[in-house]
Amino acid sequence: MPRNETVTPNQPAYYGSSQTALLVMDYLNILVDMMANPERQTLIDSVNLLLATARKNKVPIIHCLIDSNIDPPSTSKIYEQWFTTNKPAFEANPKLAQEYAEFAPPANITGRLESVSHRLPGPRSAFINKDLLPFLREDLGVKSLILGGIGTSGVVLGTALQGTDEDFIVTVVEDAVWDPNAQVNRDLLDVVFPVSAWVVSTKEAVGYMKRD
């Protein structure tokens, strides 16, 4: 049942914790390490609060990550870059391709409330993993997605656009996303995402994950 009867079904506040999922996407060491303070600390604090709130309120968490052991398709624009730059870097230092330790799920992760979804390099959307959509929709009964990730012009953009096309209510947490291009980051948050998704503060997103 909706948690808040005073809002409409196209708003994230309409759905309680039982119909909401938190997607934390591509918080890889190689990307988090690119950030400088104070933006880096702001993002870390935001994601840690989102994760803690989701765990406390039994909101499903999906860690959406690139599988660096899989090569991109030969048709991908990043195909040459992958073999000349990315893959050698990951092979030399596998930690770069791992999720930032503060955000990673517990080592003994089991069950439906926290899981990992891997996808091949190249495509932006986390939904390129074909198991993710039925898991969210059929197994979990999710209607509303809360998104955080790096980069804003990559996995966040791809997942947000496909998520809205799949009829999810999509919310992008402003402090939990980052892009190397600051202007692109702002344009996406201020202009592109609001057309079909919600852009909110960490505090607002936390409110959407409180118990029904």
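The values are calculated or read from the model by the stated rules, or taken from the named source; none is laboratory data. All figures in this text were calculated on a predicted structure; none of them were measured in a lab. Reconstructed Cβ throughout: ideal geometry from the backbone, glycine too, with neighbour counts over all protein chains shown.
Please state which of the following conditions Ala52 fails to meet, knowing it meets all the rest: (1) more than 20 Å from Thr20 (Cα to Cα); (2) at pLDDT 95 or above; (3) surrounded by fewer than 16 Cβ atoms within 10 Å (Cβ to Cβ).
Of everything listed in (1) more than 20 Å from Thr20 (Cα to Cα); (2) at pLDDT 95 or above; (3) surrounded by fewer than 16 Cβ atoms within 10 Å (Cβ to Cβ), Ala52 misses just condition (1).
Filter segment 69-92 down to residues that are in contact with a helix residue (DSSP H, G or I) (Cβ under 9 Å, 6 or more places away or on another chain) and closer than 16 Å to Gly154 by Cα, then give me how many there are.
Going through segment 69-92 one residue at a time, the tally reaches 4.
Which one of these is of a type outside the set (Gly, Ala, Ser), under 16 Å from the mean Cα position of the chain (by Cα) and surrounded by fewer than 13 Cβ atoms within 10 Å (Cβ to Cβ): Glu91, Glu80, Glu102?
That would be Glu102, the only listed residue that is of a type outside the set (Gly, Ala, Ser), under 16 Å from the mean Cα position of the chain (by Cα) and surrounded by fewer than 13 Cβ atoms within 10 Å (Cβ to Cβ).
Pick from Phe127, Phe103: which is aromatic (Phe, Trp, Tyr), touching a residue at least 12 places away in the same chain (Cβ under 8 Å), in a loop (DSSP other than H, G, I, E, B) and within 25 Å of Ser18 (Cβ to Cβ)?
Exactly one of Phe127, Phe103 is aromatic (Phe, Trp, Tyr), touching a residue at least 12 places away in the same chain (Cβ under 8 Å), in a loop (DSSP other than H, G, I, E, B) and within 25 Å of Ser18 (Cβ to Cβ), namely Phe103.
Checking Gln162 against (1) assigned to a helix (DSSP H, G or I); (2) crowded, with 20+ Cβ neighbours inside 10 Å, which test does it fail?
(2)
Would you call Val199 farther than 18 Å from Ser17 by Cα, surrounded by fewer than 15 Cβ atoms within 10 Å (Cβ to Cβ) and modelled with pLDDT of 95 or more?
no
When you scan segment 65-77, how many residues do you find that are in contact (Cβ under 8 Å) with a residue 24 or more places away in the chain and within 21 Å of the chain's Cα centre (by Cα)?
6
Sort through Ser68, Ser144, Ser117 and tell me the only one that's modelled with pLDDT under 90 and of a type outside the set (Lys, Arg).
Result: Ser68 is the single residue among Ser68, Ser144, Ser117 that is modelled with pLDDT under 90 and of a type outside the set (Lys, Arg).
Of the numbered conditions (1) assigned to a helix (DSSP H, G or I); (2) within 30 Å of Tyr79 (Cα to Cα); (3) in contact (Cβ under 8 Å) with a residue 60 or more places away in the chain, Val192 fails exactly one; give the number of that condition.
Single failed check for Val192: (3).
Let me spell it out: the conditions are (1) surrounded by 19 or more Cβ atoms within 10 Å (Cβ to Cβ); (2) over 20 Å from Tyr208 (Cβ atoms); (3) touching a helix residue (DSSP H, G or I) at 6+ places or on another chain (Cβ under 6 Å); (4) of a type outside the set (S, T, N, Q), and Val170 meets all of them except one. Which number is the exception?
Unmet for Val170, out of (1) surrounded by 19 or more Cβ atoms within 10 Å (Cβ to Cβ); (2) over 20 Å from Tyr208 (Cβ atoms); (3) touching a helix residue (DSSP H, G or I) at 6+ places or on another chain (Cβ under 6 Å); (4) of a type outside the set (S, T, N, Q): (2).
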